[in-house]
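Undergrad: This is the structure I have questions about; it appears just below.
The values are calculated or read from the model by the stated rules, or taken from the named source; none is laboratory data. Values in this document were obtained by computation on a predicted structure and should not be read as measured data. Cβ sites come from the backbone with ideal geometry, for glycine too, and all protein chains shown count toward neighbours. Remember, those area values only see protein heavy atoms, side chains included, never the ligands or the DNA or RNA. Shrake-Rupley method; radii C 1.70, N 1.55, O 1.52, S 1.80 Å.
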Amino acid sequence: MNDLAIETHGLVKVFGSNRAVDGVDLAIPRGGVHGFLGPNGAGKTTTIRVLATLARPDGGTARVLGRDVVTEANEVRQRVSLTGQFASVDEDLTGRENLRLIGRLFGHRGAAARRRADELLDAFGLGDAGDRQVKKYSGGMRRRIDIAASIVVTPELLFLDEPTTGLDPRSRNEVWDIVRAMVSSGTTVLLTTQYLDEADQLADRISVIDRGKVIAEGTSTELKASVGSGSLHVRVMDRVDREAARAILERELAVDVREEADPNALSANVDEQGRVTRALSALDDARIPLAQFSLGQPTLDEVFLSLTGHPAEETTETEVDAA
Amino acid sequence: MTLDSTRTEGAGAAPDGSAKILQALASSERPTPPGPLSTSLTFGWRALLKIKHVPEQLFDVTVFPVMFTLLFTFLFGGALAGSTEDYIQFLLPGIMVQGVIMITMYTGTTLRTDLEKGVFDRFRSLPIWRPSALVGMLLGDAVRFTISLTVTALLGLVLGWRPGGGFGGFLVGAALILLFSFSLGWVWTFLSLLLRTSGSVMGVSMLVITPLTFGSNIFVDPSTMPGWLQAFVEVNPVSHLVTSVRAVMGGIDPGASLPLTIVWSAALIAVFGTLTMWRYRDAR
Ligand SMILES: Nc1ncnc2c1ncn2[C@@H]1O[C@H](COP(=O)(O)OP(=O)(O)OP(=O)(O)O)[C@@H](O)[C@H]1O
Ligand SMILES: [Mg+2]
């Protein structure tokens, strides 16, 4: 039973009358990345703060790496690290000083702390910026120094709270690479994000959180499957071909093909990918030139919207519980 | 396009940074956890680094004491003691106390700012003796207080202050002031954990500091005050501090004021240190 990295039962955290975390049950195994996905104010940060012993729960229990977050808080602190949503390094100090500070607090002597700081600065591509104050760093550099500070002593479990919010695509990729490297070295990562593709890219399993509750849980594929099958989008080059294309697609796919508002476009929900290939060659045989032909899984956006009951009209009252 | 293809692509395209990160993660040993004193001193080092990077924070510790000393010496000197020369013998130890106590207030606002920025989230998630971040911060402040004391003393000497206790007496007096301000610091740390903005921390601090310093024997002998005020001055811990500092710097016996100062300091730490750590559990 202690192979769980995180185990909570009915976890509650209340701020005044606001139930920020409202009965969260989690069972997250060790290893890999677990994603917390949810909109602003869903309770992601609050949950993480309770798990990292920064806030005390008002109800329920939480065990992190087999230790209770309230009664064995110090045990938990020895094994976990937190990179908060907002810079959790000292902006007035330089990157190197921050890392040396953390190193010394963990018990590295002066020279060892310095060596570790240099090693991390180098690994995170901050060698040249090491002697600059963190407040003069770019957003991406800040994130990196923040993560570096979290692994001065390698944690068994790392909490990353929205590590890529506000980063440009390149910095975002850098952070993703760092996360992947950590996972391959055996660290368990709990990552919160508002970005669906981030959860998709990194997380093995995802908990979708809304209004303090876990509303769905599973792999990204399972979550997507909960919304329905894959969706096909076709745009013909010339709008006069649309009717013909539609007939061909309906024949080959054996499903309803919808005409979109765009006079060139058609769309369909398909279950069998094999048929799609056939449909494509049938269109080609009929000499109907296409501007676009794409088959995709439903996006996590669609999943999220359908789970939270906002716009998306997919008729799923899904409680994907793949546990 | 699918999840799996992006995964492999990501791992394959990993830059050499990832290899170094892997190495950094692998090479980490677990040093033996340091004790409370060591972590507190490390946080004191952090405070010194902050002074190094933001030397502006030394502005108040130098300008405040100069301003106070000049202002009060020349404002009250003639009226209260006949001459500034005489008055400064009485005033200077008190003005040292006043100057330092005024500056202790920044402890609270600094902590509030730190809490808002999130650095303390990291400190609080470390497996260290919990109060050490705050103790270290107060130790770092002691450096600023020492500068303030030195500036006041030097200016006093220029203006004609001639303490009977000599340099030794000055050192003992300064140590007493530092002890008391370290203890008072816990009041401000508690306030900044209790109140939500640094503005309100500042406001409430002023509300506490003004009666503590002006309702004391810093500026005038309480025998000229009305009874109710005398009663307040008598129980005010700042008065005990000022009396004992005046005595040891003047080279005379501080009497009961010295143990009273120490007892007050211990009590402040016991009460407000405990309250602070209670709020610190859930700090935000
Ligand atoms: N210290 C606090 N005091 C009062 N209310 C709080 C506090 N922290 C969070 N809340 C409230 O709790 C709820 C959950 O907030 P939380 O920060 O956990 O959300 P989140 O999912 O992390 O959102 P975001 O994506 O914006 O970071 C929100 O309604 C927020 O206003
Ligand atoms: Mg958040």
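Undergrad: Which residues of the range A:109-149 show a drop of at least 50 Å² in accessible area when all protein chains are present, compared with their chain alone (probe radius 1.4 Å, heavy atoms only, ligands and nucleic acids excluded)?
TA: A:Ala123
Undergrad: Residue by residue through the range B:244-252, which ³J(HN,Hα) values in whole Hz follow from phi under the Karplus form 6.51 cos²θ - 1.76 cosθ + 1.60 (θ = phi - 60°), with glycine and proline marked x?
TA: Here the 3J(HN,Hα) series is 6, 5, 4, 5, 5, 6, x, x, 10 Hz.
Undergrad: Under a 5 Å amide H to amide H cut-off, with H placed in plane at 1.01 Å, what residues pair with A:Gln194 once short-range neighbours are removed?
TA: Long-range HN contacts for A:Gln194: none found.
Undergrad: Same structure again: Contact order normalised by length for chain B, with contacts defined as Cα pairs under 8 Å and 6 or more residues apart; what percent is it?
TA: Contact order relative to length: 24 percent.
Undergrad: Starting from the eigenvalues of the Cα gyration tensor, five times each then square-rooted, give me the equivalent ellipsoid semi-axes of the protein assembly as shown, largest first, whole Å.
TA: 64, 24, 22
Undergrad: Across 5 Å bins from 0, what is the distribution of all Cα-Cα pair distances for the range B:36-280, in whole percents?
TA: In whole percents, the pair-distance histogram is 1, 7, 13, 18, 20, 16, 12, 7, 4, 2, 0, 0.
Undergrad: Separate question: Helix A:242-253: angle to the longest alpha-carbon principal axis of chain A, degrees 0 to 90, nearest 10?
TA: Helix A:242-253 and the main axis of chain A meet at about 70 degrees.
Undergrad: A further question follows. Using modelled backbone amide H atoms (1.01 Å from N, in-plane), which distant-in-sequence or interchain residues come within less than 5 Å of A:Gly230's amide H?
TA: Here A:Val270 satisfy the definition.
Undergrad: Run through the DSSP bridge list for the protein assembly as shown and note the antiparallel percent, rounded to the nearest 5.
TA: 65 percent
Undergrad: Could you name the lysines whose alpha carbon sits less than 18 Å from that of A:Lys213, not counting residues in the same chain fewer than 8 places away?
TA: Filter leaves A:Lys13, A:Lys44.
Undergrad: Relative to the longest principal axis of chain B, what angle (0 to 90°, nearest 10) does the C-alpha long axis of helix B:57-81 take?
TA: That helix lies at roughly 10 degrees to the long axis.
Undergrad: With unit charges on the beta carbon (Lys/Arg positive, Asp/Glu negative), name the residue among A:Val303, A:Ala254, A:Ala20 whose Cα is farthest towards the positive pole of the charge dipole of chain A.
TA: A:Ala20
Undergrad: Quick check on the range B:105-175: what does the Kirkwood estimate of hydrodynamic radius come out to from the alpha carbon pairs, in Å?
TA: Kirkwood hydrodynamic radius for the range B:105-175: 14.8 Å.
Undergrad: Counting helices only, and only those DSSP H runs with n ≥ 4, report the 222 nm mean residue ellipticity of chain B as the sum of -39,500 (n - 2.57) divided by its residues, in deg cm²/dmol to the nearest 500.
TA: After summing the helix terms and dividing by the residues of chain B, the value is -26000 deg cm²/dmol.
Undergrad: Quote the charge dipole size of the protein assembly as shown about the Cα centre in Debye, to the nearest 20; the model charges only the Cβ of Lys and Arg (+1) and of Asp and Glu (-1).
TA: 2420 debye
Undergrad: Rounded to two decimals, what is the ratio between the C-alpha radius of gyration of chain A and 2.2 N^0.38 Å?
TA: Ratio of Rg to 2.2 N^0.38 Å for chain A: 1.21.
Undergrad: Sticking with this structure for a sec: Can you tell me the FRET efficiency between B:Val63 and B:Val143 if r is taken as the Cβ-Cβ distance and R0 is 22 Å, rounded to the nearest 0.05?
TA: After rounding to 0.05, the efficiency reads 0.85.
Undergrad: Between A:Ser171, B:Gly255, A:Thr47, whose Cα lies farthest towards the positive end of the dipole of the protein assembly as shown when Lys and Arg beta carbons carry +1 and Asp and Glu beta carbons carry -1, centred on the Cα centre?
TA: Farthest towards the positive pole: B:Gly255.
Undergrad: Still on this model: Nearest 20 debye, what's the magnitude of the dipole of chain B about its Cα centre given +1 on Lys and Arg Cβ and -1 on Asp and Glu Cβ?
TA: Here chain B has a charge dipole of around 620 debye.
Undergrad: So, one more: Rank B:Leu154, B:Val201, B:Trp45 by how far each Cα sits towards the positive end of the charge dipole of chain B (+1 on Lys, Arg Cβ; -1 on Asp, Glu Cβ) and give me just the farthest.
TA: Of the candidates, B:Trp45 comes out farthest on the positive side.
Undergrad: Right, another one. Label 7 Å along Cα→Cβ of B:Leu194; the range B:243-273 residues with amide nitrogen under 16 Å?
TA: B:268-273
Undergrad: Direction-averaged shadow area of the convex hull around the Cα atoms of the range B:118-231, nm²?
TA: That works out to 10.3 nm², a quarter of the Cα hull's surface.
Undergrad: Leaving out ligands, DNA and RNA, calculate the buried accessible area for the pair B and A with a 1.4 Å probe, summed over both sides, in Å² to the nearest 100.
TA: Heavy-atom accessible area buried at this interface is about 4800 Å².
Undergrad: Using Cα pairs under 8 angstrom and six or more residues apart, how large is the relative contact order of the range A:24-181, in percent?
TA: 24 percent
Undergrad: Sticking with this structure for a sec: Sequence neighbours fewer than 8 away in the same chain don't count; with that in mind, list the lysines whose C-alpha is under 21 Å from B:Lys52.
TA: Straight-line reach from B:Lys52, under 21 Å: A:Lys135, A:Lys136, B:Lys117.
Undergrad: Per the Kirkwood definition applied to all pairs of different Cα atoms, how many angstroms is the hydrodynamic radius of the range A:228-297?
TA: 11.7 Å
Undergrad: Express the accessible area of chain B per residue in Å², computed with a 1.4 Å probe while the remaining protein chains stay in the model.
TA: It amounts to 43 Å² per residue over chain B.
Undergrad: Give me the residues in the range B:265-284 whose solvent-accessible area, probe 1.4 Å, is reduced by at least 30 Å² once all protein chains are included instead of the chain isolated.
TA: B:Arg281, B:Asp282, B:Arg284
Undergrad: Among rounded, prolate and oblate, which fits the range B:200-240 when a ≥ b ≥ c are the square roots of the eigenvalues of its C-alpha gyration tensor, a/c under 1.5 means rounded, and a/b larger than b/c means prolate?
TA: prolate
Undergrad: Can you give me the long-range amide H partners of A:Thr53? Hydrogens built in the peptide plane at 1.01 Å from N, cutoff under 5 Å, separation of 5 or more residues or another chain.
TA: Sorted by chain and number, the residues that satisfy this come to none at all.
Undergrad: With an 8 Å cut-off on Cα pairs and a minimum separation of 6 or more residues, tell me the relative contact order of the range A:201-297 in percent.
TA: Across the range A:201-297, relative contact order equals 32 percent.
Undergrad: What is the calculated FRET efficiency for A:Glu72 to B:Val172, with r their C-beta to C-beta distance and R₀ = 45 Å, to the nearest 0.05?
TA: So the FRET efficiency works out to roughly 0.50.
Undergrad: Using a 1.4 Å probe on the protein heavy atoms, what percent of the accessible area of the protein assembly as shown belongs to carbon and sulfur?
TA: Percent of accessible area from carbon and sulfur atoms in the protein assembly as shown: 59.
Undergrad: Okay, next question. With +1 on each Lys and Arg Cβ and -1 on each Asp and Glu Cβ, and nothing else charged, work out how big the dipole of chain A is about its Cα centre, in Debye to the nearest 20.
TA: Once rounded to the nearest 20, the dipole reads 1600 debye.
Undergrad: Measuring from a point 7 Å past the Cα of A:Asp122 along Cα-to-C-beta, which residues in the range A:86-113 have an amide N at less than 15 Å?
TA: Zone members listed by number: A:112-113.
Undergrad: Given points 7 Å out from each Cα along the Cα-Cβ axis, report the A:Arg115 to A:Arg30 separation in nanometres with one decimal.
TA: The modelled label-to-label distance comes out at 2.8 nm.
Undergrad: Which residues does a label at A:Arg79 reach in the range A:178-206, if reach means a backbone N under 18 Å from a point 7 Å past the Cα toward the Cβ?
TA: Residues A:183, A:185-191 qualify, since their backbone N sits under 18 Å from the label point.
Undergrad: Here's another thing I want to ask about it. Tell me, what HN-Hα J-couplings in whole Hz come from the Karplus equation 6.51 cos²θ - 1.76 cosθ + 1.60 at θ = phi - 60° for each residue of the range B:180-190, using x for Gly and Pro?
TA: 5, 6, 4, 5, 4, x, 5, 5, 6, 5, 5
Undergrad: Still on this structure, I have one more. Would you kindly derive the ³J(HN,Hα) couplings of the range A:33-39 from the backbone phi angles with the Karplus curve 6.51 cos²θ - 1.76 cosθ + 1.60 (θ = phi - 60°), listing them in order in whole Hz, with x for Gly and Pro?
TA: 10, 10, x, 10, 10, x, x
Undergrad: How far is helix B:132-159 tilted off the main Cα axis of chain B, in degrees rounded to 10, range 0 to 90?
TA: Orientation of helix B:132-159: about 30 degrees from the principal axis.
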